[in-house]
Structure formats: C-alpha cells, structure tokens
1. Inspect all residues belonging to segment 161-169 and state whether any of them is over 16 Å from residue 82 (Cβ atoms), outside any loop (DSSP other than H, G, I, E, B) and in contact with a helix residue (DSSP H, G or I) (Cβ under 7 Å, 6 or more places away or on another chain).
2. Test residue 63 against the stated conditions and say whether it is surrounded by fewer than 18 Cβ atoms within 10 Å (Cβ to Cβ), in a helix (DSSP H, G or I) and over 16 Å from the mean Cα position of the chain (by Cα).
3. Which of the residues spanning segment 87-104 are over 20 Å from residue 26 (Cβ atoms) and under 12 Å from the mean Cα position of the chain (by Cα)?
4. Out of all the residues in segment 66-76, is one or more assigned to a loop (DSSP other than H, G, I, E, B), modelled with pLDDT of 90 or more and surrounded by 13 or more Cβ atoms within 10 Å (Cβ to Cβ)?
5. Give segment 157-182 a look and list any residue that's over 20 Å from the mean Cα position of the chain (by Cα) and more than 16 Å from residue 101 (Cβ to Cβ), or say none.
6. Among all residue pairs at least 6 apart or on different chains, which show Cβ distances below 9 Å where the first residue, located in segment 1-20, is at positive phi and the second is at pLDDT 75 or above and surrounded by 11 or more Cβ atoms within 10 Å (Cβ to Cβ)?
7. When you look at residue 129, is it out of contact with any strand residue (DSSP E or B) (no Cβ under 8 Å at 6 or more places or on another chain) and in a loop (DSSP other than H, G, I, E, B), yes or no?
C-alpha cells in the first residue's frame, strides 16, 4: 500500500518545488482576492458577476451527466460546476504553478457560495430558474434533491454550512498564496 501511495505522490509531482511567482504578482493577486472577498461579502449571498460563468457550466453539467440517467442529470449541474475548477486546480498543482492553482481553488470554493444560495432557496423556490432543456419542464435542483433525500426542511441549515465552507476555502486559498509569497526569497521576485 505504501508503494502505491508513494507512486501517486510521485505522479502528482507533490515533492517538486513550486515554480516561483514574483512578489509583485503575489501582491497583485492578493489585492484581487481581497477586493473580490469584499465584493462577495457585500453582496450578502446575492448573484456575483462570476456566477454567470458558473451558471453556464452548471447547465452544461445537466446536459452532460443527463446521458447517465435522471439522478446524475439532476446532480450533474453542481457536479460539473465544482469539478471544472477542481480539475483545473489539480492540473496546476501537478504543474506546480502556485498562482494558477490558487485561482482555481479560490473559484472552486466561490462556487460553494453560489450553490449555497441555490440550496437555501429549495423550499421558497423564489429564485428565477434557467434550463438548457425544455422550458416547459423546469425543476429546482435542490428542491428535488433535498425532497428525495427527505431533508428539505434543512435546506437553509445545509446551505449555511456549505456557505461557511466556501468562505473558509476562499480565505485559506488566499492565505496559502500570501504565506507562500512571503516565504519566497527576495532574489526570486
């Protein structure tokens, strides 16, 4: 088992050094992330500008995963919405490109805010719905999912947990880049 784990670690490149990122680039990225965090915080769970892109990926996930049945088609929007930035982060992790890795992880977790807003609306169903399919048949993903799981009455509680995890992930991604940038020797800037 240890040999398998070692081979996986070797394959991911986790033992290799990260490619250097200049100090000015780290500072510029940190300014961007702080401004985005302030913007997101001030929106109080509302629709963020990046969520238009998230929505396109989400709807594409329904179409893609819909080939594998109704259940996967229903969950597919959120699956693809989370999978795209996560797979990109994995690629940049393997390539040891810190700024790109953090960008993808940051927006992976930002997707959790978007998902939490949709989850919290499961009972109220007040949000406008979009569909990539037949406009006569539009369903609220999280109302259907939570109803099927028998947890619809917990929609806002689950959404709050997902939202907090999203914020923690965005803050952790930003902090990791900051710490990594500050630990980098001045000669690498």
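The values are calculated or read from the model by the stated rules, or taken from the named source; none is laboratory data. For clarity, every value in this text was computed on a predicted model and none was experimentally measured. Note that each Cβ is placed from the backbone with ideal geometry, even for glycine, and that neighbours are counted across all protein chains shown.
1. The answer is no, given that none of the residues of segment 161-169 is over 16 Å from residue 82 (Cβ atoms), outside any loop (DSSP other than H, G, I, E, B) and in contact with a helix residue (DSSP H, G or I) (Cβ under 7 Å, 6 or more places away or on another chain).
2. Yes; evaluated as a whole, the condition is true for this residue.
3. Scanning segment 87-104 gives a single hit, 87.
4. No, there is no match, as no residue in segment 66-76 is assigned to a loop (DSSP other than H, G, I, E, B), modelled with pLDDT of 90 or more and surrounded by 13 or more Cβ atoms within 10 Å (Cβ to Cβ).
5. Result: 182, single match.
6. Close Cβ pairs (under 9 Å, with a partner that is at pLDDT 75 or above and surrounded by 11 or more Cβ atoms within 10 Å (Cβ to Cβ)) amount to 13/93; 13/94; 13/95; 13/96.
7. So residue 129 fits the description; yes.
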